[in-house]
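Quick notes on the structure that follows.
The values are calculated or read from the model by the stated rules, or taken from the named source; none is laboratory data. Everything numeric here is computed off the predicted structure, so don't read it as measured data. Virtual Cβ from ideal backbone geometry, glycine too; neighbours counted across all protein chains shown. SASA here: full protein model, heavy atoms, side chains in, ligands and nucleic acids out. Shrake-Rupley method; radii C 1.70, N 1.55, O 1.52, S 1.80 Å.
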Amino acid sequence: SSLGNRQNIFAFSKLYFFLLWARETTRKDSSTPCEFIEMDKQLRQEMLTASAALIWADDYIASEEQQVFEKYIEQSGLEESMQNELGRRIREPVKTADVKCSFTQASINRYMVELLILLSFIDNQEAWQERELIENISQKLGFSSDELEELYFTVAEFFSVNSERLEFLKNNAAAKQLQDYMNDKVFMLVKKNVGNIMKEIEETKELSELLVKATTTTLTMEEKQKVQDQLMDIVKTIPALAIFALPGGGILLPILIKVLPFNILPSS
């Protein structure tokens, strides 16, 4: 709240380092917050540099991207001299090599990559250069390709739930593009693992019986919930589909209905 905007992207950063300081304080009689304040400032600078690199990735800065970057600088709460210096970064190309990744905490690194993914959809287009830059930075941070896909899924769910509430994402045509991308990825994963899914279903007697029942009669709400829960349990046991164990993993269900070699729902 001290930064004056409920949608401030740096709120997580401030809260994260506050909690680190609080934890340190419980272990000692006294602890100065200065060290954590400096880490917070450093992270904000690195995030802004990464954001500048992203919007320069395709060698073109859309007006929406420039507005967002300027808003990010304003929200950062950094000293005026540092804000001016960062503002100059937008006037000349910023490359991947300019992006520093000083933090080893997984939650901080996820935060940075998720922010970049979200930022890449602001100008209503997905440039392959932006995708490539995100891949390079995620590798630099130690994320595997599967872990990066997981982050894309996380952002996709966030986007679908909050796009109308976020100033720079309202009525964004990229939402459809992002949904199409996610559907394609889910379809490929499920199709690749359909044999494993079928085997697990056959070994889960109650689920098998409910799926067969669903082809002729309408399931009760309780039965439908059992089907969903048990399908999700099965998916969690298949490594390539572990991503659906995340909150919002229910995005899998329409794809299962489409791919599995029998009809989960009655024809009506």
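Computed values, structure above
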{"read-out": "Accessible-area ranking of Trp56, Trp21, largest first, probe 1.4 Å", "value": "Trp21, Trp56"}
{"read-out": "Whole-number Å³ per residue for the convex hull built on Cα positions in the stretch 18-83", "value": "88"}
{"read-out": "Whole-Hz couplings from phi, Karplus 6.51/-1.76/1.60, listed for the stretch 66-77; x for Gly and Pro", "value": "5, 4, 5, 4, 4, 5, 4, 4, 4, 6, 4, x"}
{"read-out": "Within-12-Å neighbourhood charge of Lys41 [Cβ basis; K, R +1; D, E -1]", "value": "-3"}
{"read-out": "Lysines whose Cα lies under 28 Å from that of Lys191, excluding same-chain neighbours fewer than 8 positions away", "value": "Lys176, Lys199, Lys205, Lys213, Lys224, Lys226, Lys236, Lys258"}
{"read-out": "Span per principal axis, largest first, for the Cα atoms of the stretch 76-137 (Å)", "value": "33, 29, 21"}
{"read-out": "Alpha carbon Rg of the stretch 10-119, scaled by the compact-globule rule 2.2 N^0.38 Å", "value": "1.15"}
{"read-out": "Hits among aspartates and glutamates - C-alpha to C-alpha of Lys192 under 14 Å, sequence gap 8 or more where chains match", "value": "Asp184"}
{"read-out": "Separation of alpha-carbon centers, the stretch 97-116 and the stretch 9-53, rounded to whole Å", "value": "13"}
{"read-out": "Area accessible to solvent at Asp59, 1.4 Å probe radius, in Å²", "value": "110"}
